[in-house]
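First up is the structure itself, then whatever we jot down about it.
The values are calculated or read from the model by the stated rules, or taken from the named source; none is laboratory data. Quick caveat, the model's predicted, so the values are computed rather than measured. Cβ placement follows ideal geometry from the backbone for every residue including glycine, while neighbour counts extend to all protein chains displayed. The protein model used for the area step is the full one, side chains on, heavy atoms only, and it has no ligands, DNA or RNA in it. Shrake-Rupley method; radii C 1.70, N 1.55, O 1.52, S 1.80 Å.
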Amino acid sequence: MSGTAEGTEQLLARRAQAQEREELARAKQHERGRQTARERIDRLLDDGSFTEVDRYRREPLGAPGTPRPEGDAVVTGHGTVDGRPVAVYAQDFTVLGGSVSLTVGQKVAKVMDVAAKAGMPIVGINDSGGARIQGGLVALTGYGEIFRRNVALSGVVPQLSLMMGPCAGGAAYSPAMTDFVLMVRQSSYMFVTGPEVIRAVTGERVDAETLGGADTHATRSGVAHLATDSEDECIEDAQALLSFLPSNYRSLAPDAPPGAAPEGHRDVGRIVPTDPQRSYDMRNVIRNIVDDEDFLEIQPEWAMTMICGFARLDGVAVGIYGNQPQVRAGVIDIDASEKAARFIRTCNAYNIPLVCFADVPGYLPGVEQEWGGIIRHGAKLIFAWTEATVPKLTINTRKAYGGAYGVMGAKQLLGDVNLAWPQAELAVMGAEGAVSVLGRRELKEAADPEAKRAELLERYRRELLTPYPAAERGYVDDVIDPAETRDKLIAALHALRPKFQDVIERKHSNIPL
Ligand code: HXC
């Protein structure tokens, strides 16, 4: 047999062994209601586009008995999603619990380096027991390889983390440093210390799902950006997210063909009750303005007084954030500030224009909020908006009072285009509060205090609770009929798209974390 033929035979034999391992893995994972690493990659990428690298890489010979499976516990490579290149790695739980050895770290590092060089997003599919216990400190070095690239690539190429199994220790921290964390309900868990350790140390009894399941992280901690009921839906969410993101910080998100204007876009103003005490769902406003009524909400169940998400206007991807009057009147609290600030920074890092829908009564008052640091957390939102250099458009749909006026897309904090609907109330405070402060003496001296109060309220509303004082000073560029909103936003977006804003040279700003 010639050398070449022998070599080919060996290769085919190795491939057959790999196929056998894959079949065993499939049986194990399917039994747990999960897919294998390769099946997940195949679902994510365009058909037949996956190119695997390092399939033979494994741990060097070490202590006798130390397992060194071929390919180790991760599958790595690259392919395309919707025709666009993406680097990918998927941990293989059937190999030593998907644990991270130095080899696993180096394999992941290699594809992350390719992603950085080629300017393509990296998607990590996580299913891992954390650092390989047998590997000792060397395994921790494997995590070091991944962690430092999570940081180095932050803001360079989008990083998505799909959580599809138990993820403890380092397996939780690496995703936490990426741009988006997507979890699967009843199947993925994230925690720094698991239920057993917690019981031993603090005596608290909690199961894995309650401690760190998808619902916990999507509703309580804010760690998860999206939660789904199945792996397939999680992958679909990842594909949708990628469609709104550019491949790297030097490019723009790809334009889609201009979508249809929502049927109700000329009637969008009717969604907002004129009575400022009555609530409405800001998502209805957003959906009635964006292309095809398509709005991908991020963290929809956490910090629900604030809405964040992606959509398109005339085919151009935009990041939208806004108050949600339907939840506690849309008041801004600690979590809402963090949610919007992080979202704004993600959009800014990846050149995605921002659209702010403001209807905000103020910051949430209370001892708990003050002691919790609403000052420094609330400052994040002011900071992130002011610092963002992408096109920034704001619509004031109803009210914006006081400090909260400032943080919801204000012109004074470098908003590019500020539009208000005719019923918008832009002022230092609402009528009741203002009259009780400004009219105190007049009310005290009045023969009929109730009639006086009504008169003062009416005057305050007429003179100060309209968008016109702001428009007179240029803080609002135009007061528009709500029916014009979609057209005006699209025109502003096209005009501002080439926006270029110099930033002062420095190491980096110091956002209050
Ligand atoms: C080596 C591991 C492993 C690990 C799991 N396995 N985790 N092997 N290192 N970290 C192996 C198991 O021994 C088992 O092998 C197989 O994977 C499946 O694990 P099970 O326990 O049977 O599965 P399950 O019941 O689903 O539980 C999954 C789990 C649990 C919750 C992840 O395995 C677990 O608690 N593992 C340890 C988690 C942990 O504390 N990791 C270290 C984190 S510290 P067999 O041969 O029996 O099939 C860390 C620091 C990073 O990550 C810091 C970086 C700087």
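Quick rundown of the values:
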quantity: Listed residues Val268, Val201 arranged by accessible area, highest first, probe 1.4 Å; calculated: Val201, Val268
quantity: Surface accessible to a 1.4 Å probe, Glu236 within the full protein complex, Å²; calculated: 110
quantity: Carbon and sulfur %, accessible surface of the chain computed with the full protein complex present, 1.4 Å; calculated: 53
quantity: Prolate/oblate/rounded call for segment 1-119, Cα gyration tensor, a/c under 1.5 rounded; calculated: rounded
quantity: Amide proton proximity set for Ile298, modelled H, under 5 Å, gap of 5+; calculated: Cys308, Gly309, Phe310
quantity: Contact order normalised by residue count of segment 34-244, Cα under 8 Å, 6+ apart, percent; calculated: 15
quantity: Total charge dipole magnitude, the chain, about the Cα centre, Cβ charges on Lys, Arg, Asp, Glu only, Debye to nearest 20; calculated: 1360
quantity: Per-residue SASA entry for Ser436, accessible area with 1.4 Å probe, Å² rounded to 10; calculated: 50
quantity: Kirkwood Rh in Å, taken over all unlike Cα pairs in the chain; calculated: 25.1
quantity: Rel. contact order, % - alpha carbon contacts under 8 angstrom, at least six apart, the chain; calculated: 8
quantity: Dipole of the chain, positive direction: furthest Cα of Tyr173, Gly83, Thr141, with charges on the beta-carbon; calculated: Thr141
quantity: Between segment 298-349 and segment 93-153, the Cα center-to-center distance that results, in Å; calculated: 31
quantity: List Leu414, Leu137, ordered by accessible area with a 1.4 Å probe, largest first; calculated: Leu137, Leu414
quantity: Built amide H within the under 5 Å cut-off of Ala317, gap 5+; calculated: Ala256
quantity: Between segment 163-185 and segment 376-441, the Cα center-to-center distance that results, in Å; calculated: 36
quantity: Accessible area of His30 in the full protein assembly, 1.4 Å probe (Å², nearest 10); calculated: 90
quantity: Average accessible surface area per residue within the chain, 1.4 Å rolling probe, Å²; calculated: 46
quantity: Cα shape, segment 346-470, gyration tensor, a/c 1.5 rule; calculated: oblate
quantity: Global form of segment 34-244, assessed from the alpha-carbon gyration tensor, a/c cut-off 1.5; calculated: oblate
quantity: Ranked order, His225, His508 - accessible area, probe 1.4 Å, largest first; calculated: His508, His225
